[in-house]
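K.L.:
A single structure is presented below for examination.
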Amino acid sequence: MEKRTLTAQEVSEYFFSGEVSYWTVLKMAKVGELPHFKVGSRYLFNRASLMNWQAAQEQRCSLVGEAM
């Protein structure tokens, strides 16, 4: 069974395959670029929300590519 909630480190390693650092994941969350929620001082990420965010990013990029 897959975890539904990921830490910033897990997002870096599993969702971005290590291509985006832990610190960048945190920075993206802090400025509202990545969907997240906080528990105390910890930033946590819902796997389904990240998948939806990724699909929206891909859709946005394909629309920009078509406009060129």
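The values are calculated or read from the model by the stated rules, or taken from the named source; none is laboratory data. Not measured: the values here are computed from a predicted model. As a convention, Cβ positions derive from the backbone with ideal geometry for all residues, glycine included, and neighbour counts pool all protein chains shown. Accessible surface is based on the protein model in full, side chains and every heavy atom, while ligands, DNA and RNA are left aside. Shrake-Rupley method; radii C 1.70, N 1.55, O 1.52, S 1.80 Å.
K.L.:
If I fit a long axis through the Cα atoms of helix 47-67 and take the longest principal axis of the Cα atoms of the chain, what angle between them do I get, 0 to 90°, rounded to 10?
P.N.:
20 degrees
K.L.:
State, to one decimal in nm, how far the label point of Glu13 lies from the label point of Arg47, with both points 7 Å from Cα in the Cβ direction.
P.N.:
Reported label-point gap for Glu13 and Arg47 is 1.5 nm.
K.L.:
Which FRET efficiency value, to the nearest 0.05, is calculated for Glu58 and Arg4 with the Förster distance at 22 angstrom and r the Cβ-Cβ distance?
P.N.:
0.50
K.L.:
For Cα Rg over 2.2 N^0.38 Å, one of (1) 1.19; (2) 1.25; (3) 1.05 was computed from the structure I shared and the rest are decoys. Which label?
P.N.:
(1)
K.L.:
Still on this model: Pop out the ³J(HN,Hα) list for the stretch 24-34 in order, Karplus 6.51 cos²θ - 1.76 cosθ + 1.60 with θ = phi - 60°, rounded to Hz; leave Gly and Pro as x.
P.N.:
Karplus-based 3J(HN,Hα) across the stretch 24-34 equals 5, 4, 4, 4, 4, 5, 4, 8, x, 7, 10 Hz.
K.L.:
Relative contact order (percent) for the chain, with alpha-carbon contacts under 8 angstrom and 6 or more residues of separation?
P.N.:
Contact order relative to length: 31 percent.
K.L.:
How large is the helix-only mean residue ellipticity at 222 nm for the chain, computed as the sum of -39500 (n - 2.57) over DSSP H runs with n ≥ 4, divided by its residue count, in deg cm²/dmol to the nearest 500?
P.N.:
-14500 deg cm²/dmol
K.L.:
Quick one: accessible area per residue over the chain, 1.4 Å probe, rounded to a whole number of Å²?
P.N.:
74 Å²
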